[in-house]
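Report on the following structure.
The values are calculated or read from the model by the stated rules, or taken from the named source; none is laboratory data. Since the model is a prediction, treat every value here as computed from it, not as a measurement. When we count neighbours, we look across all protein chains shown, and the Cβ atoms used for this are built from the backbone with ideal geometry, even at glycine. Ligands, DNA and RNA are stripped out before the accessible areas are found, and what is left, the full protein with its side chains, is counted by its heavy atoms. Shrake-Rupley method; radii C 1.70, N 1.55, O 1.52, S 1.80 Å.
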Amino acid sequence: MKAEQKIIVPLDVANITDAIALIEKLPQVSFWKLGLELFTSTGPQILQELKSRQKRIFLDLKFHDIPNTVAGACRAAAGYGVDLLTIHATAGRDALKAATEAVQTGAAQAGVEPPKLIAITVLTSISSRQLAFDLKIPLELPEYALEMALMAQEAGLDGAVCSPQEVAQLRDSCGNEFLLVCPGVRPTWAEKGDQKRSLTPSQALQAGANYLVIGRPVTAAAEPELAWKQICEELATVA
Ligand SMILES: O=C(O)c1cc(=O)[nH]c(=O)n1[C@@H]1O[C@H](COP(=O)(O)O)[C@@H](O)[C@H]1O
């Protein structure tokens, strides 16, 4: 796979018009993420736009609820025929197992390929200090992220979302088949914004990430195409 196919760009925009404008501004992007903002504002409508352009789709709805409810949501989401789907590991082992089964059922009922189900370990906007003081988690952040990933793996999920700072450790412990997706990626020239545990694209890939989610460094750049090109050039040096 070419390095640029490992970059997922989020459609973090308010409406379908802005989403289509972004997709058309960056025709080189082959993998798009549909997240909470756009899905809440416009529903699944944008999925058809992406499919008609042969794009891969990460449906990032970050489910977090009781087992019965996440199972229902996963069944419905799997029916859309997307490539990746998220759930929070902190929904717990029973919810993760129920979700794993539900994506298979939902996809089979719709006659589509099931998505890879991946678990959020610790959001990349959370610092070690916030994990300890606000969320009252007594483990060190890397250890906690690893525990969440291992629980997801035991529950039968396909992979996890983690920050680039934990990806090497997760890769070592979870093996090569486990999909590791890293947001919180920042080229040296980009602002961090609300991301607390970032590394550069080349560092994240070298550390073992399968995919990088890179949003604002590209989408909020004065020249998004140029920013995309710079990131691809950086990645080509490691791929
Ligand atoms: O699930 C995600 O994609 C995700 C998990 C996480 O821990 N941190 C995180 O930033 N994300 C998403 O990754 C994207 C990062 O965007 P930028 O910070 O603009 O690069 C956003 O769409 C977030 O919703």
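Electrostatic tally near ILE118: other residues with Cβ closer than 10 Å to its Cβ, Lys and Arg +1, Asp and Glu -1, net -1. Surface composition of the stretch 3-237: carbon plus sulfur atoms contribute 49% of the solvent-accessible area (1.4 Å probe, protein chains only, all chains present). Averaging the Cα positions of each part gives two centres, and for the stretch 167-215 and the stretch 128-160 these lie 16 Å apart. Averaged over its residues, the chain has an accessible area of 46 Å² per residue, based on protein heavy atoms and a 1.4 Å probe. 3J(HN,Hα) couplings calculated from phi for the stretch 46-63 with the Karplus curve 6.51 cos²θ - 1.76 cosθ + 1.60 (θ = phi - 60°) are, in sequence order, 5, 4, 5, 4, 5, 5, 5, 9, 6, 8, 7, 10, 9, 8, 9, 9, 6, 5 Hz; Gly and Pro show x. A simple count of charges around VAL13, restricted to other residues whose Cβ falls under 12 Å of its Cβ and scoring Lys, Arg +1 and Asp, Glu -1, yields 0. Of the peptides 103-112, 8-17, 208-217, the ranking by mean beta-carbon count within 10 Å, highest at the top, reads 208-217, 8-17, 103-112. Over the stretch 1-99, all Cα pairs binned in 5 Å intervals from 0 give whole-percent P(r) values of 2, 13, 23, 22, 17, 12, 8, 3, 0, listed from short to long.
With K and R counted +1 and D and E -1, the other residues having a Cβ less than 13 Å from that of GLN206 yield a net charge of +1.
Shape class of the stretch 121-239 from the Cα gyration tensor (axes a ≥ b ≥ c, square roots of the eigenvalues): oblate, since a/c reaches 1.5 or more and a/b does not exceed b/c.
Taking a quarter of the surface of the Cα convex hull of the stretch 181-239, what do you get in nm²? Its average projected convex-hull area is 3.7 nm². With a/c under 1.5 counting as rounded, go ahead and sort the stretch 68-169 into rounded, prolate or oblate using the C-alpha gyration tensor (a ≥ b ≥ c being the square roots of the eigenvalues; past the cut-off, prolate if a/b is larger than b/c, else oblate). Verdict is prolate for the stretch 68-169.
Over the C-alpha atoms of the chain, the Rg to Rh ratio, Rh being the Kirkwood estimate, stands at 0.95. Ellipticity at 222 nm from helices only: DSSP H runs of n ≥ 4 in the chain, each -39500 (n - 2.57), divided by the residue count, give -13000 deg cm²/dmol. Excluding the sites themselves, what is the longest stretch of the chain that contains no GluC sites (Glu not before Pro) in a DSSP loop with at most 10 other C-beta atoms within 10 Å? Answer from the scan: 1-176.
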